[in-house]
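The values are calculated or read from the model by the stated rules, or taken from the named source; none is laboratory data. Because the structure is a prediction, the values reported are computed rather than measured. Because the Cβ atoms are built from the backbone with ideal geometry, glycine has one as well, and the counts that use them run over all protein chains shown. Protein only, heavy atoms only, side chains kept; ligands, DNA and RNA dropped before computing areas. Shrake-Rupley method; radii C 1.70, N 1.55, O 1.52, S 1.80 Å.
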Amino acid sequence: MRRAALAMLGVMLAAGAVRADDDVPASKPSYRLVVDRVDHEPASITGTRLQIQLSALTLQGQLIDLTDPKTIKTYLGNTELKAPYALGTFGGTKEAIALVVVVQSTIDYTEVLPVIAETLDGSLLGALDETVTQVAILPYGEAIGGGKLTSMKQARSRATALVNDGTTGDPALLETVERGLSLLKRAKTEPEGRPLRKMILVISDGRDRAGDRERVTRLGTRASKEGVRIHSFAYSPNDTRRPLLLLGELSKRSYGTFRWLQRGKADSWAPAFEQLRDEILKQYVLTYFVGPDDDPTGKKLKVVTVGRVEATSNELRVPEATCNGEVCAGYCAGSVCGIPQPRTGRGVIGWILLIGGIGVGVIVVLVGIGFVLSKRQPRVPLPPGAVMPSKPPKAPKALKSKPGNQPPIGAHMAGVAPAVASGPQPHLMILNGPRAGERIPVLNGFLIGKAPGSHLLIEDGFTSSHHAQIAMDHLGNCRLFDQGSTNGTFVNGVRVTEFVLEHGVSVRIGSTELRFLAQ
């Protein structure tokens with residue numbers, strides 16, 4: 001077993017597959033997919049929302065581009081999941097992180113510790129969001145240094161103060177990793193139950209005083225079951241490679257990454273920390289919207305990439321749909337479970353009142369129409385090309401782009417007065433992200449994009465500057481126009497160029513899901 005593992009690591013090292021400071025790509029690239037976590041929650045548009053955190057890297061540690069929707073295939077068991085999805089990154093979710101840094105502090109590391117301290121602080125810790133990240137620094141030698149999960153400010157101060165402990169014997173590596181796992185198991189979030197991404201970064205030469213290979217395997221497997229990824233930075237000041245097998249086994253068993261650094265200079269360590277930073281913040285987040293008849297609970301999920309990049313991930317079982325860890329009978333809006341009001345039956349009196357109300361309503365509508373016609377109120381002009389039909393279409397259809405199909409950006413600000421609806425003002429309700437549940441009133445010329453001044457500002461990396469615009473006539477009828485966006489505008493999961501909005505339809509701009517409310 002030792003010989004086989006050593007041979008495997010030797011091939012990886014010879015090919016440059018695990019070197020952080022080697023820019024020469026391997027002749028035959030290999031790719032690595034890891035499903036880090038699967039979250040499942042009830043969706044407000046019926047059905048459930050399935051969120052997958054996916055790490056996609058080359059063996060050299062570089063990120064793989066999966067932005068082409070044809071690249072990704074997700075399977076539940078042996079069946080491909082056919083459902084619309086949004087592609088985002090972990091850094092845009094504002095989810096919590098718990099990171100334990102296990103760093104060797106023996107005399108062997110005396111010269112490199114200042115470099116580690118500087119690059120750890122500047123290239124990794126300084127890039128993480130201090131409002132959602134908790135960090136523990138655990139230096140170790142023959143004894144285990146004290147440490148606990150603290151705020152980012154305290155952790156950065158402790159990292160920059162790393163010094164050798166004066167010991168020369170075999171260090172207590174595995175005991176320190178076990179201490180890190182115990183810290184992560186007790187980690188809390190605010191509010192409690194919030195998703196927490198757990199990681200251990202081991203910076204070591206791989207030597208351990210126990211020398212127990214089976215213990216290494218058990219420790220890596222335990223980390224995997226507890227949802228902890230162990231990422232290793234392997235550096236031997238004496239260029240002793242055999243102990244590096246221990247670090248490689250820890251990372252492999254826990255689905256973490258392994259990086260081998262050959263030099264003790266900053267030009268080797270900074271790129272390694274930057275790669276790990278990108279691995280954390282730019283991890284892909286796939287959000288599938290699964291219909292009510294396709295419950296994925298209990299099924300094994302995996303992701304397969306095809307085309308230029310061919311790889312298959314590990315499998316995770318889809319949990320029961322919950323909201324912030326609690327069973328929810330309604331739908332999940334952010335971390336809050338929303339319960340729709342139940343429908344109540346009508347008695348005889350109720351039906352009489354309903355029919356009578358409808359009759360009164362018809363009379364009021366006829367009187368209103370007569371009043372409008374008598375006044376001959378002129379229609380407020382819409383932006384060029386935005387002609388409202390008398391009858392909206394029944395279902396969205398993708399339209400071919402035509403000249404004049406889209407109203408010019410800013411038309412409602414250039415001499416065209418905003419239309420005022422005769423009835424209740426329509427709204428857009430945000431369904432996901434930190435602003436979930438927020439309702440935004442819609443007016444004529446309503447602009448959606450990432451450009452400053454947009455009525456709905458979306459900055460998620462997938463939204464164009466001037467992504468889409470909504471035109472409205474004086475009766476409150478609204479038409480949605482795509483403004484030639486890069487990633488398209490979707491209504492009820494179908495890409496559209498132009499569409500008359502009806503009450504209740506869902507609209508997707510970038511990774512943001514919206515619902516149009518006519519009242």
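Annotations for the structure displayed:
- Considering residues of region 459-472 that are more than 20 Å from Gln425 (Cβ to Cβ) and at pLDDT 90 or above only, the residue most open to solvent (accessible area, probe 1.4 Å): His466
- Scanning region 121-139 for residues being surrounded by fewer than 18 Cβ atoms within 10 Å (Cβ to Cβ) and touching a residue at least 60 places away in the same chain (Cβ under 8 Å) gives a total of 2.
- Among (1) in a strand (DSSP E or B); (2) over 22 Å from Lys73 (Cα atoms) - the single one Val303 does not satisfy: (2)
- Ile349 meets the conditions (1) open to solvent by less than 90 Å² (accessible area, probe 1.4 Å); (2) assigned to a helix (DSSP H, G or I) in every case but one. The failed one is (1).
- All of Cys332, Cys337 fail the test of being touching a Gly at 6+ places or on another chain (Cβ under 7 Å), farther than 30 Å from Arg32 by Cβ and modelled with pLDDT under 85, apart from Cys337.
- Taking the criterion of being open to solvent by less than 20 Å² (accessible area, probe 1.4 Å) and within 21 Å of Leu286 (Cβ to Cβ), the residues of region 492-511 that qualify are Ser506, Val507, Ile509, Gly510.
- Checked against (1) farther than 28 Å from Ala127 by Cα; (2) open to solvent by less than 10 Å² (accessible area, probe 1.4 Å); (3) modelled with pLDDT under 90, Ala86 meets all criteria but (1).
- Only listed residue being in contact with a Pro (Cβ under 7 Å, 6 or more places away or on another chain), outside any strand (DSSP E or B) and open to solvent by 30 Å² or more (accessible area, probe 1.4 Å), chosen from Leu475, Leu443: Leu443
- Close pairs (7 angstrom Cβ cut-off, 6 or more residues apart or separate chains): in contact (Cβ under 8 Å) with a residue 24 or more places away in the chain in region 285-311, open to solvent by less than 30 Å² (accessible area, probe 1.4 Å) and basic (Lys, Arg) anywhere: Thr287/Arg49; Phe289/Arg49
- Counting residues in region 230-247 that are assigned to a helix (DSSP H, G or I) and within 29 Å of Arg317 (Cβ to Cβ) gives one or more.
- Test: residue in region 152-171 that is under 30 Å from Thr312 (Cα atoms), assigned to a loop (DSSP other than H, G, I, E, B), open to solvent by 10 Å² or more (accessible area, probe 1.4 Å) and among the hydroxyl-bearing types (Ser, Thr, Tyr): no
- Region 267-295: number of residues that are within 30 Å of Thr119 (Cα to Cα), outside any helix (DSSP H, G or I) and either basic (Lys, Arg) or open to solvent by 60 Å² or more (accessible area, probe 1.4 Å) (or both): 1
- Matching entry among Glu178, Glu142, Glu214 (being surrounded by fewer than 19 Cβ atoms within 10 Å (Cβ to Cβ), in contact (Cβ under 8 Å) with a residue 40 or more places away in the chain and in a helix (DSSP H, G or I)): Glu178
- Region 181-193, residues that are open to solvent by 70 Å² or more (accessible area, probe 1.4 Å) and not in a helix (DSSP H, G or I): Arg186, Lys188, Glu190, Glu192
- Residue check, Ile116 outside any helix (DSSP H, G or I), in contact with a Leu (Cβ under 9 Å, 6 or more places away or on another chain), open to solvent by less than 40 Å² (accessible area, probe 1.4 Å) and at pLDDT 95 or above: no
- Hits in region 217-229 - residues which are surrounded by fewer than 19 Cβ atoms within 10 Å (Cβ to Cβ) and not in a helix (DSSP H, G or I): Glu226, Gly227
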